[in-house]
1. Would you be able to say whether some residue in region 111-118 is of a type outside the set (A, V, I, L, M), within 15 Å of the chain's Cα centre (by Cα), at positive phi and assigned to a loop (DSSP other than H, G, I, E, B)?
2. So which of 98, 131 ends up being part of a helix (DSSP H, G or I) and in contact (Cβ under 8 Å) with a residue 24 or more places away in the chain?
3. Just need a number here: residues in region 40-53 that are of a type outside the set (Val, Ile, Thr), crowded, with 19+ Cβ neighbours inside 10 Å and assigned to a strand (DSSP E or B).
4. Report whether or not residue 71 is open to solvent by less than 30 Å² (accessible area, probe 1.4 Å) and either modelled with pLDDT of 95 or more or under 15 Å from the mean Cα position of the chain (by Cα) (or both).
5. What residue, of 132, 100, 148, is surrounded by 12 or more Cβ atoms within 10 Å (Cβ to Cβ) and out of contact with any His (no Cβ under 7 Å at 6 or more places or on another chain)?
6. Can you name the residue in region 54-66 that is open to solvent by 50 Å² or more (accessible area, probe 1.4 Å) and at pLDDT 95 or above and is also farthest from residue 122 (Cα to Cα) among such residues?
7. Report yes if residue 71 is in contact (Cβ under 8 Å) with a residue 12 or more places away in the chain, hydrophobic (A, V, I, L, M, F, W, C) and part of a helix (DSSP H, G or I), otherwise no.
8. Does residue 26 satisfy the criteria of being at pLDDT 95 or above, touching a helix residue (DSSP H, G or I) at 6+ places or on another chain (Cβ under 9 Å) and not small (Gly, Ala, Ser)?
Amino acid sequence: MIFVAVGSNLSSKSFGEPINNCFKAIEFLKQTVQIDKISNFYETEPVPKSCQPNYVNGVVSVKTSISPNNLLLELFKIEKFFKRKRKFKNEPRVIDLDLISYNRILINSNKLILPHPRMHLRKFVIRPICDINEDWEHPILKKKAKNILKTLENQNIFNIND
């Protein structure tokens, strides 16, 4: 499975609240890939903890024949459309699109690491993956998403779909 994480913690002039930014980014993504499933969306604290606003996070599974590197470039194009600028690590953002996993492909380059090196440490990534497929197996850790999720119980996230 191919997973793209979608997140936002700033409103935009064009689309409004962070949840709207996420859904609009998914609409743009549909122009490049086939959206298979969309997880629930969750409100989460920033990681690392800071005084910036909480995030809205979710994950989409997609189908595509585009290479991982070209898909990453497409994600950057969408972020650029939203006027995302990458000045500082972990800064607030109007949109954040991360390629989390691309089937079982392993990549470790300057531009892309797959699977995402910290995905298994972040409940705001693993919980939405479980919404899509709790039996998905991390290609390096060889653990199912539902088992990884159990290790992240101390992280607070809130389902905003309820």
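The values are calculated or read from the model by the stated rules, or taken from the named source; none is laboratory data. Just so it is clear, the model here is predicted, and its values are computed rather than measured. Backbone-built Cβ (ideal geometry, glycine too); neighbour counts: all protein chains shown. Heads up: the accessible areas ignore ligands, DNA and RNA and are worked out on the full protein's heavy atoms, side chains in. Shrake-Rupley method; radii C 1.70, N 1.55, O 1.52, S 1.80 Å.
1. The first filter runs over region 111-118 and keeps only residues of a type outside the set (A, V, I, L, M), leaving 111, 115-118.
Still in the list and also within 15 Å of the chain's Cα centre (by Cα): 115-118.
Still in the running and at positive phi: none.
Taking every residue of region 111-118 in turn, none turns out to be of a type outside the set (A, V, I, L, M), within 15 Å of the chain's Cα centre (by Cα), at positive phi and assigned to a loop (DSSP other than H, G, I, E, B).
2. Numbers: 98 fails: part of a helix (DSSP H, G or I).
Answer to the check: 131.
3. Step one: of region 40-53, the residues of a type outside the set (Val, Ile, Thr) are 40-43, 45-46, 48-53.
Still in the list and also crowded, with 19+ Cβ neighbours inside 10 Å: 41-42.
The next check asks that each one be assigned to a strand (DSSP E or B); those that pass are 42.
Within region 40-53, residues that are of a type outside the set (Val, Ile, Thr), crowded, with 19+ Cβ neighbours inside 10 Å and assigned to a strand (DSSP E or B) number 1.
4. Details: open to solvent by less than 30 Å² (accessible area, probe 1.4 Å): yes; either modelled with pLDDT of 95 or more or under 15 Å from the mean Cα position of the chain (by Cα) (or both): yes.
Against the criterion (open to solvent by less than 30 Å² (accessible area, probe 1.4 Å) and either modelled with pLDDT of 95 or more or under 15 Å from the mean Cα position of the chain (by Cα) (or both)), residue 71 qualifies.
5. Values: 100 fails: out of contact with any His (no Cβ under 7 Å at 6 or more places or on another chain); 148 fails: out of contact with any His (no Cβ under 7 Å at 6 or more places or on another chain).
One residue alone meets the criteria, 132.
6. Restricting attention to region 54-66, the residues satisfying the condition of being open to solvent by 50 Å² or more (accessible area, probe 1.4 Å) are 54, 63, 65.
Applying the additional criterion that residues be at pLDDT 95 or above yields 63, 65.
Numbers: 63: 23, 65: 27 Å.
Across region 54-66, the extreme among qualifying residues is 65.
7. On the way: in contact (Cβ under 8 Å) with a residue 12 or more places away in the chain: yes; hydrophobic (A, V, I, L, M, F, W, C): yes; part of a helix (DSSP H, G or I): yes.
Criteria met by residue 71.
8. Details: at pLDDT 95 or above: yes; touching a helix residue (DSSP H, G or I) at 6+ places or on another chain (Cβ under 9 Å): no; not small (Gly, Ala, Ser): yes.
Here the answer is no, as residue 26 does not meet what is asked.
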